[in-house]
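Encoded as structure tokens, the structure appears first; notes follow it.
Laboratory data are not the source of any read-out in this text; all were calculated from the coordinates shown. As the structure is a computational prediction, the values presented were derived from the model and not from experiment. Counting neighbours? That spans all protein chains shown, and the Cβs are built from the backbone with ideal geometry, glycine included.
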Amino acid sequence: MGKLHIVGGGAIGSLIAASAQKNGVPYDCYPRDMKTMPSCAHWQNGQTTALKPAKPSPIVLPKNDVLIFPLKVYQLKGALLQWLPYLTQQPTVVLLHNGMGGFEAARDLLGGDYPLLLATTSHGALKVSTSSSNFHVKYTGVGATQIGAPNVTKPSPQTLAALSHIAPQLTSAISTLDKALPPVQYQSNILKALWTKLSVNAVINPLTALNNIQNRHIGNTEFEQSRIAICNEFTQVANACGLDFDARSVHENVLSVAKATGENYSSMHQDVAHNRQTEIDAINGYIVDMATKKGIPVPENTLLVERVKALKL
């Protein structure tokens, strides 16, 4: 079993670290700010797990290790550039973030044949600061992680050759992650899973941020027109990009997720509340960008991007 190397000190990365600690999986964390790295995790059953001290800088990683980036999309390029000199042995890289655009950034920097996995998780975690300026991570919702290699649904001969060469390495990486924070479920069409997550985020994130509400309020009648418009525009764009979605099913799934995570505050809500940069460009902004390329009007998503960005003025 390889060692996990977790970049950043955010909620999900810290949750992975704490679960790895609890389950006996070797790991190290590399936060951007050592002072804000959580020192422990609090589980739903009341138990606490202490995290090991973080590492201050990257190191050269062996091939059988796993480097995971649970970051915001806008942080990814800088983090990859920082780690690039240390990836000479080509350890597996895992991208784990909301929104879209991370794969393209990683592919441009690492190359098309690099052992890369894309993942999305429904585990809930919240990073909390204490009165003594220490930080801990709170496990707020049991979920699962979906993971897969990009471009495997319609692989070219070159892609097939690359995948056959690195398949055992990727399988080992998935197994390591599953031991650290289960369950990790392999998806042969991970891009469909990422677009599905995008459809949920495109509704819940901006509406909760703009209206200062918990996820459960997304199902209110006052948001129905906006919900439906976002889902319709998403479906048109996704299908134009080669996916296969049904707008009604997309809307039903959004409502289901909003209900299941009803007491949670979305990540974009938290970013706005704490005056941090949001991921709007990687969520609704990504839909707008793809729509522009396909010549599809998406006025609702365009308006949401403008309104969320205006909150920072």
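Miscellaneous remarks
- Annotation: the antiparallel percentage among DSSP beta bridges lying fully within the chain is about 40.
- Inter-part distance where the stretch 3-48 and the stretch 174-214 are each reduced to a Cα centre, Å: 19 Å
- Lys, Arg +1 and Asp, Glu -1 on Cβ, resulting dipole of the chain about Cα centre, debye, nearest 20: 660 debye
- 17 Å Cα-Cα reach of Lys63 towards lysines, excluding residues that sit fewer than 8 places from it in its own chain: Lys3
- Summary of the geometry: the stretch 102-118 and the stretch 58-95, compared by the centres of their Cα atoms, lie 10 Å apart.
- Computed FRET value (nearest 0.05) for Glu252 with Val142, which takes r as the C-beta separation and R₀ as 25 Å: 0.70
- Amide H contacts of Phe245 (H built 1.01 Å from N, in plane; Pro and chain starts excluded): Asn239 sit under 5 Å, all sequence-distant by 5 or more or on other chains.
- Given charges at beta-carbon only (K, R positive; D, E negative), |dipole| of the stretch 232-281 in Debye: 120 debye
- The string of couplings for the stretch 41-58 from the Karplus curve (6.51, -1.76, 1.60, θ = phi - 60°) is 10, 10, 8, 5, 8, x, 6, 10, 10, 7, 8, 6, x, 7, 9, x, 7, x Hz, one whole number per residue in order, with x for Gly and Pro.
- Coarse-grained scattering of the chain at q = 0.13, 0.16 Å⁻¹, given as base-10 log I(q)/I(0) from a Debye sum over alpha-carbon atoms: -0.96, -1.44
- A straight Cα-to-Cα reach below 20 Å connects Lys77 with the aspartates and glutamates Asp33, Glu104, Asp108, Asp113, Asp271, Glu279, Asp281, Asp289, residues fewer than 8 places away in its own chain not being considered.
- For the stretch 1-137: relative contact order, % (alpha-carbon pairs under 8 angstrom, 6 or more apart): 27 percent
- Applying a DSSP loop filter and a limit of 16 other Cβ atoms within 10 Å to the trypsin sites (Lys or Arg not before Pro) in the stretch 255-313 leaves Arg276, Lys312.
- Within the chain, helices built from complete DSSP H runs that reach 30 Å or longer along their own axis (Cα positions) and carry a mean Kyte-Doolittle hydropathy of -1.0 or higher are 157-180, 190-211.
- Computed over the chain: relative contact order in percent, which uses C-alpha pairs under 8 Å that are six or more apart: 16 percent
- Only aspartates and glutamates eight or more places from Lys179 in sequence, or on another chain, were considered; those with a Cα closer than 19 Å are Asp28, Asp65.
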